[in-house]
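Please read the structure below before turning to the comments.
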Amino acid sequence: MARYTGAVCRLCRREGQKLYLKGERCYTDKCAVVRRNYAPGQHGQSRKKLSEYGIQLREKQKARRYYGVLESQFEKYFEMASKRKGITGENLLQILESRLDNVVYRLGFATSRAEARQLVRHGHFTVNGKKVNIPSYLVSPGEVIAIREKSRGLEKIKSILAQTDGKPVPKWLDLNRDTLEAKVVNLAAREDIDLPIQEHLIVEYYSK
């Protein structure tokens, strides 16, 4: 599947804020948004007033980049959200939060969503005791996510867990740090999602 392989810091600079795509580096002075707080490219430092459509587009792109999904995937999730009962924008964020790579990141089993996606692809996690290597797998309430037994002794996994020790876990996930298992209590509610996304702008973008 196609995937963006360029410098991810350019994505943060393009959106004008931290998207936390590089884990610990985003919290240091080395962060590109801190060092060069303007859009990349030749005309990055020139300020342009965005149109209504431009504002909606940027919000959609920002959400897509936060979760690391492709345009076609994002459109599919929007269709799913629009068919569910409730508020479409909130449904969309709930679906995105339900992705296995995002859940792994939220649990502190990875320092970034990109790292979580890679670890899932390499088969380091199980869902209800079965290995799942599909980052886009959508978890459901009651399912149990765990680090595979054979992966727990890896230095990479140990290093990640040491870095994320003490990281708060959202209340819709019940993590047992000792067993490295977590249960999905329920799907994320809007108040559980701490990302600065104005989902109504995304709905407006797709409603045109």
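The values are calculated or read from the model by the stated rules, or taken from the named source; none is laboratory data. A quick note: this is a predicted structure, and the numbers were derived from the prediction, not measured. Every residue, glycine among them, receives a Cβ derived from its backbone with ideal geometry; neighbour counts consider all protein chains shown.
Below, the figures for the structure above:
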item	result
Leading residue by the ranking (surrounded by the fewest Cβ atoms within 10 Å (Cβ to Cβ)) among those in region 161-184 that are part of a strand (DSSP E or B) and under 19 Å from the mean Cα position of the chain (by Cα)	Asp174
Flag if Leu187 is assigned to a loop (DSSP other than H, G, I, E, B) and either out of contact with any Asp or Glu (no Cβ under 6 Å at 6 or more places or on another chain) or free of Cβ contacts under 8 Å to residues at least 60 places away in the same chain (or both)	yes
Selection from region 85-112 of residues that are within 9 Å of the chain's Cα centre (by Cα) and either surrounded by fewer than 20 Cβ atoms within 10 Å (Cβ to Cβ) or farther than 11 Å from Pro135 by Cβ (or both)	Leu96, Glu97, Arg106, Ser112
Search result, residues across region 125-160 that are farther than 24 Å from Lys76 by Cβ and under 18 Å from the mean Cα position of the chain (by Cα)	Ile160
Complete set of residues in region 139-159 that are outside any helix (DSSP H, G or I) and either modelled with pLDDT under 95 or surrounded by fewer than 18 Cβ atoms within 10 Å (Cβ to Cβ) (or both)	Ser140, Pro141, Gly142, Glu143, Val144, Arg148, Arg152, Gly153, Leu154
